[in-house]
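Only one structure is covered here, and it is reproduced in the block below.
The values are calculated or read from the model by the stated rules, or taken from the named source; none is laboratory data. In this text the structure is predicted, and so the values were computed from the model without any measurement. Positions of Cβ are backbone-derived with ideal geometry, glycine not excepted, and every protein chain shown enters the neighbour counts.
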Amino acid sequence: MTNNSSQAEQDQAKTRLAELRKEIEYHAHRYYVLDDPVIDDGQYDRLFRSLLDLEDAFPELISSDSPSLRVGGEPLDQFEQAEHVLPMLSLGNVFDEAELAGFEEKMQRYLQSNESIVYLAEPKLDGLAVELVYEKGVLVLGATRGDGLVGENITAQLQTVRSIPLRLRQSTGKETEKIPEQLVVRGEVFFPRQGFNDQNKQRGKEGKSLFANPRNAAAGSLRQLDPKITAARPLDFFVYGVADTTTLPCKELEAMFAWLQEIGFPVNPLIKSCQGLSEVAAQYHHLQQIRHDLEYEIDGMVVKVADFALQQRLGNTARAPRWATAWKFPAVQATTRLLGVHFQVGRTGAVTPVAELEPVHVDGAMVKRASLHNRDEIERKELEIGDTVLIQRAGDVIPEVIKPVKEKRDGTERAIIFPKNCPVCDHPLHRPEGEAITRCINPHCPAQRLQSLIYFAGKAGLDIDGLGRKNMEQLVKVGLVRDIPDIFQLKHEKLAALDGWGEKSADKLIRAVVMAAQTPLSRFVGALGIRHVGEVTAQLLAGHFISLEGLLTAMREDLLEVEGIGDQAAASIFDYFADTSTREMLDQMQTLGLTLQEAKKTGSAPLEGRVFLFTGTLSGLSRNEAKQLVKEQGGRVVSSLSKKVTDLVAGAKSGSKLKKAEDMGIVVLGEEQFQQITGRAEVREE
Ligand code: IVH
């Protein structure tokens, strides 16, 4: 107990707080979820004020589901990672009724049955996918999708979204309708149109840059370290799914949505049950007609098999469920001029023609380039340089050239000549029979090598801080990096002496490389950019073979034994690891002492159960290294002070957190003590 309040006063405050929270939650639900308030704004504000005042007087009584979280707590230092219990998959696409029929046929083939299927048709919201974890009915974690396996912990930001329930409403006492101990739901956070327009007007007045579209505004608002900024944005939310439907008291989607609504979630009222594809198509056309009248943006419709048992039988591919697909609305189009074409060589050697366009504004973005896909596409479209062309942009995908506007030709147009040799290494290009893609098959092609290195160090790879596209291009150009092992042998003095570099940036990169060297096998394999091997397949491989040796000795049949790996992937993986230059590269990695074991939770986890918070500046190691150490030893790291924190690590210039932690009786460790308990030896760069 803090301050001078007596036990009796505190008990009284506790009771009153519980009443206030319940009352506020009830009215917030009526207002934000049901859109049917029963008191006016003034009355609501007064209730809220009383809650804030009382919590101010009794801060120890603030609960993790208090509506006061809606106004936003302390700013974070950075976002923590949050692992999803089950992967957050993406969705396949169909673009017309024929493709929709194909989607159904494929499922029927898979099920070996022609039985008719009941679907749910849902508006596809154009916002940001989030996951919400409820334990015993209380929101304990909110996260972004991230790479599908690990997202960012944005709990404090999501708590400010008024329509996201902080505590679920126990619907009835019936056993069959109870909320599971842990409930993980997914849904979309979005920025309503009106709020978006107001926000942009305001930003314009303040001379700030405008949001390109409501989707960017939603993403930008959630990725604010200071939840108070998020709280000031009129974000909204609709739930669209549950991670594990086997925990639910219902058997199909329509009942699930009714139940989710009952326990407090906002459910989109335009979700419709459809018997068969003609009803699905009718709903699509209906949504397309009304989309511009809605208060929020939708970019299509999601079609889902309603029955959970059927969903279960259909299962998922590595990327997406087989039982659902997105049917997007046609993309936004514009016309501009095709100024030229250049040919890009990707990391797999694929040569892609890229259109250089007269810059044009499409759907909130400036478009200067567009993919022309491949040679056949150029010929099929009969494109010429100098043409006026129709282009389209759909969401975040790379813009496309649809066709030339032939009526506008004046005779000055020139043919597009597809090169016979690689534009980078001059090796003759090769196009296998029956394939659309032309490739440079020179394994030593510098363009492929560069692109592979960029991929390896980039976001989809090891994500080495300070080694993005530009820096990698420079390091390759000056000859410091030729292949992956060179990255791990970079020398501080050489980096610091480079154009545009200095002690600091060299230091930063070396540190990031030291960190990256401790990568688990799955991440390393994913970063190699082997054809047909994405993150999920890389995880499967590493989980199965555990070590690099295991993978190197695997035969094609061994690879096929791994559940989720098909013929194509197995062949590609086998060829990749059988290649002599791959072998040489991996030998070098091992000589460098890189172990590349899949992290098996062996040995002890001395910090298990302990929750660390860092404050102030550390001198012997970076904050990220320190966090990594804690995680490796089984501890957790959080970014704000709460009762859960067991250890506060205070570096130099620790501020208010240190004082508060001391008041709360939390163990405070200095940097040296921290290094002792984690048994850390100084990380040496050379
Ligand atoms: S279901 C396993 N339903 O669309 C099924 N997604 O690529 C996963 N989205 O990022 C998604 N509205 O954020 C589903 N009613 C809806 C949706 C929806 C929007 C987004 C979702 C995801 C993307 C799918």
From Phe456, Phe418, residue being part of a helix (DSSP H, G or I) and in contact with a helix residue (DSSP H, G or I) (Cβ under 7 Å, 6 or more places away or on another chain): Phe456
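Looking only at region 196-253, filter to residues that are closer than 30 Å to Gln275 by Cβ and among the small types (Gly, Ala, Ser); which one of those is surrounded by the fewest Cβ atoms within 10 Å (Cβ to Cβ)? Break it down into steps so the answer makes sense when it comes.
Of region 196-253, the ones closer than 30 Å to Gln275 by Cβ are 237-253.
This time we only want the ones that are among the small types (Gly, Ala, Ser), so: 241, 243.
Working: Gly241: 21, Ala243: 18.
This residue is Ala243.
Could you name every one of the helices (runs of 4 or more DSSP H) located completely within region 503-564 that has at least 3 residues being of a type in the set (A, V, I, L, M) and without any contact (Cβ under 8 Å) to a residue 60 or more places away in the chain?
Details: elements: 503-516, 521-527, 535-545, 548-552, 556-560.
Fully inside region 503-564 and qualifying: 503-516, 535-545, 548-552.
Report yes if some residue within region 540-563 is surrounded by fewer than 19 Cβ atoms within 10 Å (Cβ to Cβ), closer than 22 Å to Gln451 by Cβ and of a type outside the set (A, V, I, L, M, F, W, C); otherwise report no.
Start the filter on region 540-563 by keeping residues that are surrounded by fewer than 19 Cβ atoms within 10 Å (Cβ to Cβ), which leaves 543-544, 546-547, 549-550, 552-553, 555-558, 560-563.
Of the ones still in play, those that are also closer than 22 Å to Gln451 by Cβ are none.
The answer is no, given that none of the residues of region 540-563 is surrounded by fewer than 19 Cβ atoms within 10 Å (Cβ to Cβ), closer than 22 Å to Gln451 by Cβ and of a type outside the set (A, V, I, L, M, F, W, C).
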Of the conditions (1) surrounded by fewer than 18 Cβ atoms within 10 Å (Cβ to Cβ); (2) assigned to a loop (DSSP other than H, G, I, E, B), Gly73 satisfies every one except a single condition; which number is it? (1)
Among the residues of region 114-140, write down those that are within 23 Å of the chain's Cα centre (by Cα), of a type in the set (A, V, I, L, M) and surrounded by fewer than 18 Cβ atoms within 10 Å (Cβ to Cβ). Val140
Being surrounded by fewer than 16 Cβ atoms within 10 Å (Cβ to Cβ) and at pLDDT 75 or above is the filter; apply it to region 670-686 and report the residue that is farthest from Gly73 (Cα to Cα). Gln676
Pick from region 113-136, criterion closer than 28 Å to Ala309 by Cα, touching a residue at least 60 places away in the same chain (Cβ under 8 Å) and part of a loop (DSSP other than H, G, I, E, B), ranking: nearest to the ligand (Cβ to nearest atom): Ile117
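Here's the yes/no breakdown for (1) touching a residue at least 60 places away in the same chain (Cβ under 8 Å); (2) within 16 Å of the ligand (Cβ to nearest atom):
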position	(1), (2)
Leu141	no, no
Gly151	yes, yes
Gln170	yes, no
Phe190	yes, yes
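Do we have any residue at all in region 495-506 that's under 22 Å from Ser581 (Cα atoms) and either out of contact with any Pro (no Cβ under 9 Å at 6 or more places or on another chain) or of a type in the set (Lys, Arg) (or both)?
Among the residues of region 495-506, not one is under 22 Å from Ser581 (Cα atoms) and either out of contact with any Pro (no Cβ under 9 Å at 6 or more places or on another chain) or of a type in the set (Lys, Arg) (or both), which makes the answer no.
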